[in-house]
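The values are calculated or read from the model by the stated rules, or taken from the named source; none is laboratory data. Values in this document were obtained by computation on a predicted structure and should not be read as measured data. Please note: Cβ atoms are built from the backbone with ideal geometry, for glycine as well, and neighbour counts cover all protein chains shown. Side chains included, ligands, DNA and RNA excluded: accessible areas come from the protein's heavy atoms. Shrake-Rupley method; radii C 1.70, N 1.55, O 1.52, S 1.80 Å.
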Amino acid sequence: MRRAPTLRRVALAAVALSVLVLLLDVSGAVDLDPARRFAAAGLGPLERAVGPREDEVSRLRAETTRLSARLADAERELADTAQARALLADPAVDGMPLVLARVVAVGDPGPAGPERVTIDVGTRDGVEADRTVLCADGLVGRVERAGPWTSDVLLLGAAEVTVGVRVGTAGTLGEASGTAQPGAPVADPGTLSLALLDTAPLRRGATVRTLGSPGGRPFAPGVRVGVVTRVRSGAGRLAATGVVTPAVDPGTLDVVGVVVGASRSRPRPAATGGR
Amino acid sequence: MTGPAALLLRALALLAAVVLAVTLAARHVAPVPDLLLVLVVAWALWRGPVAGLLAGLAGGWVLDVVPPGGGLLGAHALVYAAAGALAGRWRVEGPVAAPRVAAVALAAAVVVEGLAVVRALAVSAPVSLLDVAVRCLLTASAAALAVPLVVGAERAALRRRFG
């Protein structure tokens, strides 16, 4: 006879505890990442074991990812002026060391597609939080947290991801995000909302690349984000807005690369003015 | 079936459902029904709203911590608890017809997906209502097939214990 009220009390306590944890996580008052890392350390190997394995197709995709990263570097060097090439020779922007990984788990699909995936590399492979993740087609997202065996990646298009970008050959600055900026159009599922920071013109078909973050974290510069497919101007904003179709389809993700290391080990050489 | 071994078995079933869902998606199998919700609905229809709430809470916590997890710890737990409690309110004594199971699972799926849609709309994120509807219907269909199996297993375990 006492069982039902006891079960009710247990349920009430469990709900109250869950609400408390949720509020702590929302407020950021307590760092709950250790709990997530603990779960990743325990369950990551299970996902690595159950997830997709290496086959001929994924080996070829790994090779394509490696080659396209080298190609992107080469294209960047060719496209830039001699002055920019000299800048590229700077140790701070020298090369892109990559760790190749395979997607072993895809998170809750959500109303507009998955926002998170798990890859089979972690801190043991040199992966840290806030590193760029890319594949042969372009930018995939950024590492949200890294466990010893696996890492969780927040995909481009997730509500929490906003990327500073350069648009077109002029390199106009802007922001691309899964959520719409005030005055910018709400993107269709699978696309990004783009808002320029400058009053420069925006054209359909313009290539969008990452602007890059200090130290290359979370985003390395020059990685292809997508192409502008819709342009809207003058709707409550000085600068133009539009929609970007991402270069990467999250539904086909398999082999990806994580940009690792690349922290500056030598001081930037000083230049002399007037020469 | 209420001993520690039985609780462990149910927890393993929830873990298996979540791991299967995330790894199937990594193999590009899509759309996948919400296997976790199917289990929650089964236990809610078998034991009522409080058991449904607890099953949903436990399952949601598994979904929150199994990589890649969700954005906020506890968010899935509370959403699935609400869905489990709702499904449990439609519990009836005796055999339940498959269409009723499907209707209950559909209502629970609408709660889970609906809250995600509201969250997306609140931050001006895109929403694909067609994908959401397909997933809800797929979950309801999977529940109509799988819930009788789960309830049958629970009933068989009860018979073994009490004869």
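Annotation for B:Arg27 and A:Ser58: the two label points, set 7 Å from Cα along the Cα-Cβ direction, are 1.2 nm apart. Ranked from largest to smallest solvent-accessible area, with a 1.4 Å probe on the protein heavy atoms, B:Arg10, A:Arg203 come out as A:Arg203, B:Arg10.
Other protein chain C-beta atoms within 10 Å of residue C-beta, averaged over B:48-61: 3.
Loop-resident GluC sites (Glu not before Pro) (DSSP state other than H, G, I, E or B) in the range B:61-157 with no more than 16 further Cβ atoms inside 10 Å of their Cβ: B:Glu93. A 1.4 Å probe run over the protein chains yields, for the protein assembly as shown, 49 Å² of accessible area per residue, whole-number rounding. Amide H to amide H, with H built 1.01 Å from N, A:Gly141 comes under 5 Å of A:Val133, A:Leu156, counting only residues 5 or more places away or on other chains.
When each of the peptides A:108-118, B:131-141, B:49-59 is scored by the mean number of other C-beta atoms lying within 10 Å of its residues, the order from highest to lowest reads B:49-59, A:108-118, B:131-141. Neighbouring Cβ atoms from other chains, within 10 Å of the Cβ of residues in A:135-142, number 0 on average. Which residues, if any, in the range B:110-153 have at least 50 Å² less accessible area in the whole protein complex than in the isolated chain, probe 1.4 Å? At a threshold of 50 Å² (probe 1.4 Å), the residues of the range B:110-153 that become less exposed are B:Arg119, B:Ser124, B:Pro126, B:Arg135. Set the Cα radius of gyration of the range A:162-248 against 2.2 N^0.38 Å, with N its number of residues, and you get 0.97. For chain B, the longest principal axis of the Cα atoms and the long axis of helix B:129-162 meet at an angle of about 20 degrees. Report the far tail of the P(r) of the protein assembly as shown, meaning the percent of Cα-Cα pairs longer than 44 Å. Roughly 19 percent, rounded to a whole number. For the pair A and B, the buried accessible area comes to roughly 3700 Å² in total, with a 1.4 Å probe and the value rounded to the nearest 100. Applying 1/(1 + (r/R0)^6) with r as the Cβ-Cβ distance of A:Thr252 and B:Leu145 and R0 = 35 angstrom yields a FRET efficiency of 0.75. For the range B:4-162, with all protein chains in place and a probe radius of 1.4 Å, 73% of the accessible heavy-atom surface sits on carbon or sulfur. Label-to-label distance, A:Leu24 versus A:Arg232, with points set 7 angstrom from Cα along the beta-carbon direction: 4.1 nm. Compactness check for the range B:1-131: Cα Rg over 2.2 N^0.38 Å is 1.06. Among residues other than B:Ala5 with Cβ under 13 Å from its Cβ, the summed charge is +3 (Lys and Arg +1, Asp and Glu -1). Remark: mean inter-chain Cβ contacts per residue of B:17-24 equal 6, using a 10 Å Cβ-Cβ cutoff to other protein chain atoms.
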